[in-house]
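Visitor: Below is the structure I would like to discuss, written out as structure tokens.
The values are calculated or read from the model by the stated rules, or taken from the named source; none is laboratory data. The structure displayed is predicted, hence computed values, not measured ones. All Cβ positions, glycine included, derive from the backbone under ideal geometry; neighbour counts span all protein chains shown. The area values use the complete protein model at the heavy-atom level, side chains included, leaving out ligands, DNA and RNA. Shrake-Rupley method; radii C 1.70, N 1.55, O 1.52, S 1.80 Å.
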Amino acid sequence: MPKRSNAFQRLALLVHQKLEPTWVVTESETLQDSVTGSLREVDVVAKQLLMGHQLVLSIECRDHVRSADVTWVEAMAKKHEHLPTSKLVLWSRSGFTSAALAKATFLGIDLVSHQDIDKTSWAEMARSLVGSHIRHVAPRYSPFIDAHMPDGAMKRFEQVDDWIFVDEGGKELCSVSQLQAVVANNSELGSVLLDNAPDGEGDFWVEWIPPVDWFLMTPEGDACRAARIGFGVRTDAEMAPTRATSVLSGGEVVTLVTAELRKGEIEVVVKESEGHPPEVKAALRPKPKPKRGSGEGPTHS
């Protein structure tokens, strides 16, 4: 069965993945109806085996403009009446009507809403991300080395990813690829690229001068001293509008920000708690490659 998801359902998954490792959390899980034997899809399911008993936490999500009403609460309660659900939690991006709140309380169903963050004056980032844009800059690095040759001449070497630097005594220091990883993770460089990379493609370069003598051996067997280690940086940048949604869970506001880019969907997760700086994690989810026979291949006339 194909997975069906939206940003609010994805946020529910991320929040419940924070449960203890003894819980197994899955998205678009199917549970069996004990009366009909049919399989019913549930947005997010968390399972735990406790003293030989299976606990099943079922989460259903509604990402609509209007508040969830009592009809939806009743429908979800009826759906789970004969499923192996130990506890039902309903998530609504736009909140719940008063009748829905009353019925859920009576039925012992927990409710979670984006509107819950109104109870927190400290979740400033969650509010600032609404209606925002995200700028994504993807850099590609091409290392090169300028080195002093034995005859005194200066020579540039490219395609040096696997080359190893050593000290004067021949002790290995690091590889070019390891140094590149350090450069790529430098926050100051990241800020410069983010602020200055043009939309589309851009070209930059970074140099690193060894504080002491670094040596290397060329493929031809020549020992040389590195004068400068450089990295050409080709950037691919674009700006895109975001879609942000937040919930209050366990005293923490979790915000999921998504944006559609040419290369895929960027996903940013922000966690805020009172008295602590926000935690931010970002990841790019590449677009799936077209399957053969999908009709997305080249056309012929």
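Visitor: Considering only residues that are open to solvent by 40 Å² or more (accessible area, probe 1.4 Å) and not hydrophobic (A, V, I, L, M, F, W, C), look in segment 240-251 and name the one that is modelled with the highest pLDDT.
Guide: That would be PRO241.
Visitor: For segment 257-270, state whether one or more residues are at positive phi and open to solvent by 10 Å² or more (accessible area, probe 1.4 Å).
Guide: No, that holds for no residue.
Visitor: When both residues are 6+ apart or on different chains and their Cβ atoms are under 6 Å apart, which pairs have a first residue that lies in segment 196-218 and is free of Cβ contacts under 8 Å to residues at least 60 places away in the same chain, and a second that is surrounded by fewer than 11 Cβ atoms within 10 Å (Cβ to Cβ)?
Guide: Within 6 Å, the pairs are ASP213/GLU168.
Visitor: Return a yes/no flag: does segment 33-42 have any residue that is of a type in the set (Val, Ile, Thr), open to solvent by less than 60 Å² (accessible area, probe 1.4 Å) and under 17 Å from GLY250 (Cβ atoms).
Guide: no
Visitor: Let me ask something else. Would you check which residues across segment 188-227 are among the polar types (S, T, N, Q) and at pLDDT 90 or above and list them?
Guide: SER191, ASN196 - these are the residues of segment 188-227 that are among the polar types (S, T, N, Q) and at pLDDT 90 or above.
Visitor: Follow-up. Quick one: SER28 ticks every box in (1) of a type in the set (Gly, Ala, Ser); (2) in contact with a helix residue (DSSP H, G or I) (Cβ under 9 Å, 6 or more places away or on another chain); (3) crowded, with 20+ Cβ neighbours inside 10 Å bar one, so which box is it?
Guide: Here SER28 meets the rest and fails (3).
Visitor: Considering only segment 1-45, state which residues are part of a strand (DSSP E or B), in contact (Cβ under 8 Å) with a residue 24 or more places away in the chain, in contact with a Ser or Thr (Cβ under 8 Å, 6 or more places away or on another chain) and not charged (D, E, K, R).
Guide: Of everything in segment 1-45, those that are part of a strand (DSSP E or B), in contact (Cβ under 8 Å) with a residue 24 or more places away in the chain, in contact with a Ser or Thr (Cβ under 8 Å, 6 or more places away or on another chain) and not charged (D, E, K, R) turn out to be SER28, LEU31, GLN32, VAL42, VAL44.
Visitor: Same structure, new question: Across segment 56-68, which residue is farthest from GLU29 (Cα to Cα) among those that are open to solvent by less than 60 Å² (accessible area, probe 1.4 Å) and either over 29 Å from the mean Cα position of the chain (by Cα) or not hydroxyl-bearing (Ser, Thr, Tyr) (or both)?
Guide: Among those residues, the one meeting the criterion is ALA68.
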